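One structure is given below, encoded as structure tokens.
The values are calculated or read from the model by the stated rules, or taken from the named source; none is laboratory data. In this text the structure is predicted, and so the values were computed from the model without any measurement. Here Cβ is always computed from backbone atoms with ideal geometry, including for glycine, and neighbour counts include all displayed protein chains. Each accessible area value is taken on the protein alone, full model and side chains, heavy atoms only, with ligands, DNA and RNA left out. Shrake-Rupley method; radii C 1.70, N 1.55, O 1.52, S 1.80 Å.
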Amino acid sequence: MMPALSPEEEAHSRAVTALIRERVRAAGGWLPFEQFMELALYAPGLGYYSAGSVKLGPGGDFVTAPEVSDLFSRCVARQCAQVLGDGGEILELGAGTGRMAAVVLASLASLGKLPARYAILEVSADLAQRQRERLGKLPREIRERVVWLERLPQQPINGVILANEVLDALPCRRFVLGTGAARELGVAIPDELHGEQPGEAGADQRLIERDAEPDPALASACAALLGELPAPLPDGYSSELCLRIAPWIAGIADCLGRGAMLLFDYGLPRAHYYHPQRTAGTLRCHFKQRVHDDPYSNIGVQDITAWVDFTRVAEAAVACGLDVAGFCTQAAFLLATGVEQLLAESTDVVEHARLAGEARRLLLPGEMGEAFKVMALTRGCDVALEGFALQDLRQSL
Ligand SMILES: C[S@@+](CC[C@H](N)C(=O)[O-])C[C@H]1O[C@@H](n2cnc3c(N)ncnc32)[C@H](O)[C@@H]1O
């Protein structure tokens, strides 16, 4: 059973839906899914990430690895320390509640490897405010290094760029295969399509899915995809394709002078992502710790995500002159960066039991260990990244 919306959530969702319906009308009756997702998540002041709901953590809609356990961020810090060496800076994209930033900085301080600067680029004003509150409580020597950016830095940085669960939050396209060609999925207004009366119960709130001719960008991306997959996909197959990955990677690549970009997300190499049996794609919605696949419910008060095609990420990186220096599961990365050692360091019995439980959640294949992957994209970085020493999945890309 899906939890009910509170009266405030109900009102908020109605406002977001009204905005989207307005945009559907302005666009002539149909809006591509990518634009629906953009509005539902990021419409200024209204979208899920732009407005003030709890979002992350046990009291919110979903829990990310840094929220599950600080062990995750402590391992990330060890990888950062190796890349930073004796200098450099960190840029984090989409820092959520700021928990990873706080723990990475505290760990680097204890390793004597504090970066000269820890910059955060966050599109959500609400989350940026929460990050400020959390990081403002760090000791002065640490908090003075944290800055928030409005846009990507103009000057290339040397050091590390971090993004945990950001790629999956980029608005994606959706397609469905008909005979021989892809159609694009998007949203329409039911009463206007089917002559329903606006006064009908709930009719002023609904959006429905409709397909249409894809635009040239999606048509050519789908044709290229279908041409290269090892197995044909059946008619009626639907999935996601994120055309924003390449420009997003290109923008960040421009910022990386020397160092490594570490991307953490749930995702797969292309041949697994577009497996013939994955007939309904990877789109998932998160609402009060429930996972479901209906993006047209709870609009504006639930998260919408799609898994990441890591082959697309790697292709985009190579096109920008970056090296794909590592690709492995989250479990392999955490084990290689010493999660077991960190666990062994806790001598208090109660704390050890708690940390062991958290580590299981981060590491087990049925939890976050295998579905989540880590990719390292580097420029001018000649160290063998320790996080990727145990597993190399690059040949699967
Ligand atoms: C699923 S949350 C993950 C938050 C955090 N990294 C964590 O792991 O807890 C996605 C985050 O990415 C941010 N975001 C989405 N698109 C972004 C973009 N284009 N650039 C930077 N941040 C973005 C969101 O506002 C949010 O902070």
Q. Where only protein heavy atoms count, and the probe is 1.4 Å, what is the accessible area per residue for region 90-141 in Å²?
A. 41
Q: Taking the Cβ of SER53 as the centre, find all other residues whose Cβ is under 11 Å away and add up their charges (Lys, Arg: +1; Asp, Glu: -1).
A: -3
Q) On average, how much accessible surface per residue is there in region 241-397, in Å², for a 1.4 Å probe, leaving out ligands, DNA and RNA? A) 41
Q.
On the Cα set of the chain, report Rg and Dmax in Å, please.
A. 21.5, 68
Q: Counting only C-alpha contacts under 8 Å and six or more residues apart, can you give the relative contact order of region 89-156 as a whole percent?
A: 40
Q. Please state the relative contact order of the chain as a whole percent: Cα pairs under 8 Å, 6+ residues apart?
A. 20
Q: Work out the charge dipole of the chain with +1 on the Cβ of Lys and Arg and -1 on the Cβ of Asp and Glu about the Cα centre, then indicate which of LEU218, LEU363, LEU268 is farthest towards its positive end.
A: LEU363
**Q.** Relative contact order (percent, whole number), region 103-252, Cα cutoff 8 Å, 6+ residue spacing
**A.** 23
Q: Just the number, please: carbon plus sulfur as a percent of the accessible area of the chain, 1.4 Å probe, no ligands or DNA/RNA counted.
A: 53
Q: Give the shape of region 78-161 as rounded, prolate or oblate, defined through the alpha-carbon gyration tensor: a ≥ b ≥ c are the square roots of its eigenvalues, a/c under 1.5 means rounded, and otherwise the shape is prolate if a/b is larger than b/c and oblate if not.
A: oblate
Q: Report the far tail of the P(r) of region 32-113, meaning the percent of Cα-Cα pairs longer than 19 Å.
A: 50
Q) What is the dipole size for region 258-378, taken about its Cα centre, with +1 at each Lys and Arg Cβ and -1 at each Asp and Glu Cβ, in debye to the nearest 20? A) 300
(Q) Are there any chymotrypsin sites (Phe, Trp or Tyr not before Pro) in region 317-397 that are in a DSSP loop and have at most 12 other Cβ atoms within 10 Å? List them by number. (A) none
Q. So which cysteines of the chain have no other cysteine's Cβ under 4.7 Å from theirs?
A. CYS75, CYS80, CYS222, CYS255, CYS285, CYS320, CYS328, CYS381
Q: Kindly report the accessible area of region 20-79 per residue (heavy atoms of protein chains, probe 1.4 Å, no ligands, DNA or RNA), in Å².
A: 32
